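Notes follow once the structure below has been shown.
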Amino acid sequence: MFRKTVLDNGIRVLSEELDTTRSVSLGFWVENGSRHELAHQNGISHFIEHLFFKGTSSRSAARIAEEIDAVGGVLNAFTGKEYTCYYVKVLDENLPLAIDLLTDIFLHSVFDREEIERERSVILQEISQVEDAPEDYVHDLFNRDFFRDHSLGLPICGAAATVSRFHREDFLQFVQDRYLPGRVIVAAAGHLQHEDLVREISRKLGNRELDSRGGDRETANQDSPVLQSGVFYHSKPLEQAHLCVGLAGLRQSDPLRYAAYILNTILGGGMSSRLFQEIREKRGRAYSVYSFLAAYKDVGYQGVYAATSVEWLEEVADLITEEMKKLAAGQIGQEEFERTKNQLIGNMILGLESSDSWMSHIARNEIYFGKAISLEDLSREIRSVSLEEVMDLARAIFRPEAMALTLLGDFKEKPPVKSFST
């Protein structure tokens, strides 16, 4: 059962009570991510996420790790484009410890100068690791190309040049400006009682303004980006060529999002999808090929990723565009359509069998919709999508002149990709 309470200072407390599990997952979500950074701040949200685990006024970094390990729990965090999450997963009996740990790092992290320098080295290694993994790096490059000169195009980890320049005062000021109560969501799922959760969170956070004295002094441009099209080449000595295709899609809350889920799944969302069957199974032109949706509050895109040899690059790009053209022409059978609906519903239900997935589910729903969306709601919405809606959406999205293609590989010269010529 889903419950929501808003504290007097604006912090939202959400819970999903799951009686069939012994675990509880608790997350502190902040509506702040890399898109809220100015260019010279790129990577600061991610850096702060790391620093929150490096010691508080009452716990060292080692003690934080020892306390969570002592109960067999998990304590971690992640930063996205539009939010940051600090979370813990423990047995139900250890929920008080989980609350105490998260509120301590959230309110009392000290940002020790020596820890900052150590973590700076770690993050620089993380950036290098991404750049050494072409299957990840090509997505960063695509975002830079597609969202050119907009904060959505900035890499979440930042760049070596910006990360190397941050000082302790920069972190303190950014937290004061961005970690405001109205942007904080406490989400929990598992074997818990909502009233107990609200009482403890209110006691710990209810009277705190979370360093909100400064407010937003300067923030990144939050206008919607102007999306780019064309072919973008990035040369790097690699065995394979990696490609990422993107077309303007739907924002996260668009009413047609369920049709987009179906369309994406048909295109490249599984082993039975058209791209997987045509490119990998029938022709053996790629080991990894899939499609995906990226959606934010105001914009989104339909993406495709593939890795292949340079000699097969144009063939793979042609096959991708050919499958998109077929969908835009309405070549979707009723049997494939119904099978895809069942696949989506099954994937969603199976994906929500753990307390941590439920915790993320209710928090993201709050961020993007301001309400809970149950499994029954999801299933009903997917079932209600008509084949005509999916066909209409395919025609609207899969337009050759709007395609963007980012290529990463060892190119002696720029290989022509005729199917992406406008």
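Each reported figure results from applying straightforward, stated rules to the coordinates on display, with no laboratory input. Values in this document were obtained by computation on a predicted structure and should not be read as measured data. No Cβ is skipped: glycine too gets one built from the backbone with ideal geometry, and neighbour counts run over all protein chains shown.
Computed values, structure above
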{"item": "Tail fraction, Cα-Cα pairs, the chain, threshold 26 Å, whole percent", "result": "60 percent"}
{"item": "Which listed pairs, of 81/418; 204/371; 282/326; 297/418; 4/204; 282/341, have C-alpha distances above 26 Å, in listed order", "result": "81/418; 297/418"}
{"item": "Global geometry of region 230-420, whether rounded, prolate or oblate, following the gyration tensor of its Cα atoms and the 1.5 cut on a/c", "result": "prolate"}
{"item": "Using alpha-carbon coordinates, inclination of helix 194-205 to the longest axis of the chain, degrees", "result": "70 degrees"}
{"item": "Length-normalised contact order of the chain in % [C-alpha pairs under 8 Å, at least 6 apart]", "result": "22 percent"}
{"item": "Table column - 3J(HN,Hα) (Hz), region 226-236, Karplus curve with 6.51, -1.76, 1.60, x for Gly and Pro", "result": "8, 7, 9, 10, x, 10, 10, 9, 9, 8, 7"}
{"item": "Centre separation in Å (Cα based) which lies between region 3-34 and region 69-106", "result": "11 Å"}
{"item": "Electrostatic dipole magnitude of region 230-420 [Cβ: Lys, Arg +1; Asp, Glu -1; Cα centre; debye, to 20]", "result": "200 debye"}
{"item": "Nearest-ten-degree value, helix 257-268 long axis tilted from longest Cα axis of the chain", "result": "60 degrees"}
{"item": "Estimated vicinal HN-Hα couplings, Hz - region 347-360 in sequence order (Karplus 6.51, -1.76, 1.60; Gly, Pro = x)", "result": "4, 5, 5, 5, x, 10, 8, 10, 5, 5, 5, 5, 4, 5"}
{"item": "Bins of 10 Å, starting at 0 and running to the largest distance - Cα pair percent for region 1-134", "result": "11, 35, 36, 16, 2"}
{"item": "The chain: calculated mean residue ellipticity at 222 nm from DSSP helix runs of at least 4, using -39500 (n - 2.57)", "result": "-12500 deg cm²/dmol"}
{"item": "Rounded to the nearest 20 debye, dipole of region 120-211 from Cβ charges on Lys, Arg, Asp, Glu", "result": "440 debye"}
{"item": "Net dipole in debye of the chain [+1 Lys, Arg Cβ; -1 Asp, Glu Cβ; about Cα centre; nearest 20]", "result": "560 debye"}
{"item": "Hz values of 3J(HN,Hα) by residue in region 273-286 - Karplus curve (6.51, -1.76, 1.60), Gly and Pro given as x", "result": "5, 5, 5, 5, 5, 6, 8, 8, 6, 7, 10, x, 8, 7"}
{"item": "Cα→Cβ-extended label distance, 7 Å offset, between residue 331 and residue 169, nm", "result": "6.3 nm"}
